[in-house]
Amino acid sequence: MFLTENANKIIGILTENGYRAYAVGGCVRDFLLNVPCGDIDIAASSLPDKTETLLKKAGIKVIETGLKHGTVTALIDGESYEITTFRKDGDYKDSRRPDSVEFVSEIESDLGRRDFTVNAMAYNNTDGIIDLFGGKEDLKNGIIRAVGEPGERFKEDALRIMRALRFASVLGFEIEEITKKALFENAKLLCNISYERIFAELTKLLTGKNAVKVLLEYRKIIGVVIPELIPCFDCAQNNPWHIYNVYEHIARSVGAVRADAELRLTMLLHDIGKPIVKTTDENGVDHFKFHAAVGADIAEKILKRFKVSNELRDKVTALIRFHQSVENVDEIRIKRWLSKIGVEYTRALLEVRTADLKAHNPAKTGYELKRMEEIKQELEAALNAGDAFRISDLAVNGNDLIALGYHGEKIGEKLKKILRLVVDDKLKNEREEILDFLKKEK
Ligand code: ATP
Ligand code: MG
């Protein structure tokens, strides 16, 4: 039905040899939802070394990826398939991965250890869909429900708490009541889970279609993984520009930006500095001076804790630091920004500011949002016209300045000055004109 030729081939080889083999988990779910599926994971009754021998005999390349957990990876035609022996998890300590696994010969206990009913189905062409926990029904009704007793399952592995939120967001599903209650009761156990694993789920949550709803409904759990957000939860913004408190503004701004991990993470953290700098004037109006710089520092600490790449951390913190500098839309000189932070960051900064504005008081931001669109067009026009915004774009270079008698640091300084004038349209980026200007200056 939905299996690729190669997945069928692997399942075929194993079943011909007397074993049972199925596609399991996410791919079955995605097939039933009629959405493209990522990897096809296969579960089989054969022990890992047996799987390896049989596939190799059939001419398939196999690498041992996680023998201890029963996993080998088959490589065919540039595709890769993980094949894991049916297993039952051993005891869990510290709400983390199990200490041991036990291989079993039936698919039933393998499905029983999986997290949610919608992820606990198996399929092959002979047996069709195997659905022991009502996964199909839950898929139809848009429900995330733990397999078995939710509290126990979250105590076994607290990462499942974040996974529940992730699937609710990505699939746009509701979390079933008893599962939901157990999420809140066990949220603190997330402290036992590594930051990297939490971050992987958080990123998927943020880019999901129901991210705003999940961030709002499950803010207590978000507060466990990012405690710095807690002061934002009920931080009022008595200010004509805002109709939401800081956290609700944050959540809505996440939903207002493109579903890109960097941008959504930036929105989640962009106003995290507000509660710290908040002041209220004599008219009862709230102000948040310097919240961007303060927020960027907090974000940096959080991202270090999550052990994200330096590249991601630098980008997110820079966007947060600058998001307020483009507050006054009438003062945005696009070529200056291009010159200051480059094309990629400028584009992202405009997206960030637009999403930020969209989560303000809509009665006030019509003009600003219209200007943002104009500024984005100005950006594309400047790029298409090949306007200069880097020193290397200038019609003169260091050698020209040396020929005019400049040396040392003066060369760089002069080039920077010329670039500033060109960017501000005070000097044309034409060789003769710039040389004339330089000669006059000398
Ligand atoms: P995606 O499409 O994002 O890969 P997925 O459902 O395949 O979604 P994975 O993290 O790849 O998610 O996990 C594969 C399968 O393994 C899940 O569908 C689920 O059956 C099971 N699983 C993964 N993590 C856990 C966990 N922490 N506890 C129990 N079962 C899990
Ligand atoms: Mg997967």
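The values are calculated or read from the model by the stated rules, or taken from the named source; none is laboratory data. For clarity, every value in this text was computed on a predicted model and none was experimentally measured. A quick note on method: Cβ atoms are made from the backbone with ideal geometry, for glycine too, and the neighbour counts reach across all protein chains shown. For the accessible areas, the whole protein counts, side chains as well, though only heavy atoms, and no ligand, DNA or RNA atoms are used. Shrake-Rupley method; radii C 1.70, N 1.55, O 1.52, S 1.80 Å.
Here are the numbers:
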{"item": "Estimated translational D of region 191-344 in µm²/s (Stokes, Kirkwood radius over Cα pairs; 37 °C; 0.692 mPa s)", "result": "202 µm²/s"}
{"item": "Label point distance in nm, Asn310-Ser194, each placed 7 Å from Cα along Cα→Cβ", "result": "2.2 nm"}
{"item": "Relative contact order of region 280-426, pairs being alpha-carbon contacts under 8 Å that are 6 or more residues apart, as %", "result": "20 percent"}
{"item": "Inter-site label distance for Arg333 and Leu369 at 7 Å from Cα along Cβ, in nm", "result": "2.9 nm"}
{"item": "Solvent-accessible area per residue, Å², over region 54-124 with all protein chains present [probe radius 1.4 Å]", "result": "48 Å²"}
{"item": "FRET E, pair Asn361, Phe290, Förster distance 30 Å, beta-carbon r, rounded to 0.05", "result": "0.85"}
{"item": "Residues whose placed amide H lies under 5 Å from that of Tyr19, excluding near-sequence neighbours", "result": "none"}
{"item": "Ratio Rg/Rh, restricted to region 130-184 and using Cα atoms, in which Rh is the Kirkwood radius", "result": "0.94"}
{"item": "Highest-MSF residue in the chain out of Gly151, Gly223, Gly18 [GNM, Cα springs under 10 Å]", "result": "Gly18"}
{"item": "Where only alpha carbons of region 144-271 are counted, the Rg and the Dmax (Å)", "result": "14.4, 49"}
{"item": "Sequence-distant residues sharing a close amide H with Asp41 (under 5 Å, placed H)", "result": "Val24, Cys27"}
{"item": "Spacing of the two label points (7 Å from each Cα toward its C-beta) at Lys56 and Arg97, in nm", "result": "2.4 nm"}
{"item": "Normalised contact order of the chain, rounded percent, pairs of Cα under 8 Å and 6 or more residues apart", "result": "8 percent"}
{"item": "Bins of 10 Å from zero: percent of alpha-carbon pairs in region 169-221", "result": "22, 55, 23"}
{"item": "Any cysteine of the chain lacking a neighbouring Cys Cβ under 4.7 Å - listed by number", "result": "Cys191, Cys232, Cys235"}
{"item": "Per DSSP, loop chymotrypsin sites (Phe, Trp or Tyr not before Pro) in region 290-348 with at most 16 further Cβ within 10 Å", "result": "Phe290"}
{"item": "Cα centroid separation - region 80-123 against region 193-212, whole Å", "result": "22 Å"}
{"item": "Alpha-carbon Debye profile of the chain, log10 I(q)/I(0) at 0.06, 0.14 Å⁻¹", "result": "-0.39, -1.21"}
{"item": "Directionally averaged projected area (convex hull, Cα atoms, region 96-178), nm²", "result": "6.1 nm²"}
{"item": "Interatomic Cα distance distribution for region 294-416, bins of 10 angstrom, percent", "result": "11, 32, 28, 21, 7, 1"}
{"item": "Residues Asp297 and Ser105, FRET efficiency given R0 of 51 Å [Cβ-Cβ distance, rounded to 0.05]", "result": "0.40"}
{"item": "Carbon and sulfur %, accessible surface of the chain computed with the full protein complex present, 1.4 Å", "result": "49 percent"}
{"item": "Above-threshold pairs, the threshold being 25 Å between Cα atoms, out of Lys140/Lys188; Lys93/Lys180; Lys188/Lys304; Lys376/Lys428; Lys88/Lys204; Lys220/Lys304", "result": "Lys140/Lys188; Lys88/Lys204"}
{"item": "In order through region 292-308: 3J(HN,Hα) via Karplus (6.51 cos²θ - 1.76 cosθ + 1.60), integer Hz, x for Gly, Pro", "result": "5, 5, 4, x, 4, 5, 5, 4, 4, 4, 4, 5, 5, 4, 6, 6, 6"}
{"item": "Alpha-carbon centroids, region 1-42 and region 403-442: separation in whole Å", "result": "65 Å"}
{"item": "MRE, 222 nm, helices only [DSSP H, n ≥ 4, -39500 (n - 2.57), over the chain, to nearest 500]", "result": "-15500 deg cm²/dmol"}
{"item": "HN-Hα J in Hz across region 205-221 - Karplus 6.51, -1.76, 1.60, θ = phi - 60°, x for Gly and Pro", "result": "4, 4, 8, x, 6, 10, 4, 4, 4, 5, 4, 6, 5, 10, 4, 4, 6"}
